[in-house]
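All remarks here apply to the structure that follows.
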Amino acid sequence: MKFLNAEPFRIKVIEPIKKSTRPEREEWIKKADFNVFRLEAEQVYIDMITDSGTSAMSSNQWAGVMKGDESYAGSKSFYNLRNSVQDIMGFPYMQPTHQGRAADFIMSQLYAKKGGYILGNLHFDSFKGHAEIAGSIPVDLIIEEGRTANSNPHPFKGNMDIKKLQNFIKQHGSENIPLIIITITSNGNGGQPVSINNIRMVSVIAKANKIPLMIDAARFAENCYFIKMREEGYEDKTIKEIALELFSYADGCVMSSKKDGLVNIGGFICTRHEELFPAINQLAIINEGFVTYGGMSGRDLEALAIGLYEGVEEDYLEYRINQVAYLGEQLAKKGVPIILPTGGHGVYVDAQKFYPNIPQSEFPGQAMVVELFKTGGVRGVELGSCAFSKKNPETGKIIFPDLELVRLTVSRRVYTNRHMDVVVNALADVFERRNEMKGLKLIYEGPIISLRHFTAKFEPIS
Ligand SMILES: *Cc1c(COP(=O)(O)O)cnc(C)c1O
């Protein structure tokens, strides 16, 4: 075992990526108004903008694509997917959707009610938006250790704060809380895991108060691997055993297949409750498509049915989590300030510590993303003063977020550790030149501030 620590796959098909020169990249980023979302993907050497829908599929999945049954009603690929979900997650009822956010929408229609509080560890944007439209108030109750950029060593920074949960229910009454959602891993703070013990405790409280508990399962396999590595009593269990136990505590789940499903599109919603399934089916019919395809093609259903099994393979998860940890360790060795421990799907750099001289009004995170692209052709993403600022509705004054981060997300089965070395060396070079660096000026934003990062335009401050 000791020697067998490289990637648990070999490469059968390759996709060429282009190397470029610094002058070329300087021109491209200028044309893109200093916003990496405006670049053409071909101009990027190593793309770390997201881990969503960017996975490489296996030879078995591609074989499944050929076998995909494109029947409108009763597709064999639907039954194959349902079997995988029942086997791995244990939920009897599964409705496919075109993406995770469509499953979020159905969940909001089932549970969100006007004026109700929906409690979570850290809610993900797509559910939050749907819940708010339905008139609910999403509340984040993550533990304190999960809130700060502080590199404290807590092994499960995605955990829900049990005391806060109990107090909230006592204070507001369980009748005003239509739903609890636990997101695994916690995407909002860097893919930090939730312990199975925490999920069990939340479940006990939810049951005692007759509040349904749903899991946002986008990265459930990565979460289960962390449980196996870090939680007492789980070291000898298989990932599948852990997943089955974990989901047994919940009433259902929503899934974005674009993450741990190891496919490029798709999602689903599951429930244990037969009586809820007709409403789920009908919401799918009007928004997604007929019950047995839900906005997905038969080939995509088939690839997902296979991908779910590959996603819970331990050799794969060991490679996956260790690649992210490797990136973090190498960056930390070079002195780059990152959030520790690293989570499941990427490394988060503390841009405020990186550029203490650039104020948030001059977008230090965005400045780092731009300079990293110029230096190494690497595309990261800012999660700071551009993405997360708010406006005071009365004064119009900008309220900056507490954290100024840059996320380097690692796609699944796509890059080797040699690519990670390029990222490390490029960012270390940017870090060495940090004192010369200036910020950026925002010259255009769309009408909705919470979405402005996707289309914003910048100019360098000289
Ligand atoms: C990506 C994601 C979603 C939304 O899924 P899409 O497939 O992108 O629509 C929901 N929840 C979490 C935690 C996610 O990471």
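The values are calculated or read from the model by the stated rules, or taken from the named source; none is laboratory data. Since the model is a prediction, treat every value here as computed from it, not as a measurement. Here the Cβ positions follow ideal geometry from the backbone for every residue, glycine too, while neighbour counts run over all protein chains shown. Quick note on the areas: whole protein, heavy atoms, side chains included, nothing else; ligands and nucleic acids left out. Shrake-Rupley method; radii C 1.70, N 1.55, O 1.52, S 1.80 Å.
Here the condition is being of a type in the set (Lys, Arg) and closer than 30 Å to Leu308 by Cα; of Arg434, Arg379, Arg452, it holds for Arg379 alone. Restricting attention to the stretch 67-112, the residues being of a type in the set (D, E, K, R), open to solvent by 50 Å² or more (accessible area, probe 1.4 Å) and under 26 Å from the mean Cα position of the chain (by Cα) number 3. Taking the condition among the acidic types (Asp, Glu), touching a residue at least 60 places away in the same chain (Cβ under 8 Å) and either more than 16 Å from the ligand (Cβ to nearest atom) or not assigned by TED's automatic domain parsing to the domain that holds Leu408 (or both), does Glu26 pass? When the stated conditions are applied, Glu26 passes them.
Residue pairs whose Cβ atoms lie under 6 Å apart, separated by 6 or more positions or on different chains, with the first residue in the stretch 324-335 and touching a residue at least 40 places away in the same chain (Cβ under 8 Å) and the second part of a loop (DSSP other than H, G, I, E, B), are Val324/Thr342; Val324/Val410.
Scanning the stretch 63-103 for residues that are of a type in the set (Phe, Trp, Tyr) and either touching a Lys or Arg at 6+ places or on another chain (Cβ under 8 Å) or within 16 Å of the ligand (Cβ to nearest atom) (or both) returns Phe91, Tyr93.
Considering only residues that are within 24 Å of Leu427 (Cβ to Cβ), of a type in the set (A, V, I, L, M, F, W, C) and open to solvent by 20 Å² or more (accessible area, probe 1.4 Å), look in the stretch 42-62 and name the one that is farthest from the chain's Cα centre (by Cα). Checking each candidate, the answer is Ala56. Considering Phe78, Phe105, the condition of being over 27 Å from Thr238 (Cα atoms), part of a helix (DSSP H, G or I), at pLDDT 95 or above and not β-branched (Val, Ile, Thr) is satisfied by Phe105 alone. Applying the criterion of being hydrophobic (A, V, I, L, M, F, W, C) and in contact with a helix residue (DSSP H, G or I) (Cβ under 7 Å, 6 or more places away or on another chain) to the residues of the stretch 15-40, the residue that is nearest to Ile461 (Cα to Cα) is Phe34.
Residues in the stretch 253-298 that are among the β-branched types (Val, Ile, Thr) and part of a loop (DSSP other than H, G, I, E, B) were compared, and the one that is nearest to the ligand (Cβ to nearest atom) is Ile265. Of all residues assigned to the stretch 410-423, none qualifies as being assigned to a loop (DSSP other than H, G, I, E, B), over 21 Å from Thr21 (Cα atoms), touching a helix residue (DSSP H, G or I) at 6+ places or on another chain (Cβ under 6 Å) and modelled with pLDDT under 95. When Val381 is tested against (1) surrounded by fewer than 24 Cβ atoms within 10 Å (Cβ to Cβ); (2) among the β-branched types (Val, Ile, Thr); (3) within 17 Å of Phe37 (Cα to Cα); (4) over 20 Å from the mean Cα position of the chain (by Cα), just one condition goes unmet, and that condition is (4). Residues in the stretch 149-178 that are under 21 Å from the mean Cα position of the chain (by Cα) and either of a type in the set (A, V, I, L, M, F, W, C) or within 16 Å of the ligand (Cβ to nearest atom) (or both): Ala149, Phe156, Lys157, Gly158, Asn159, Met160.
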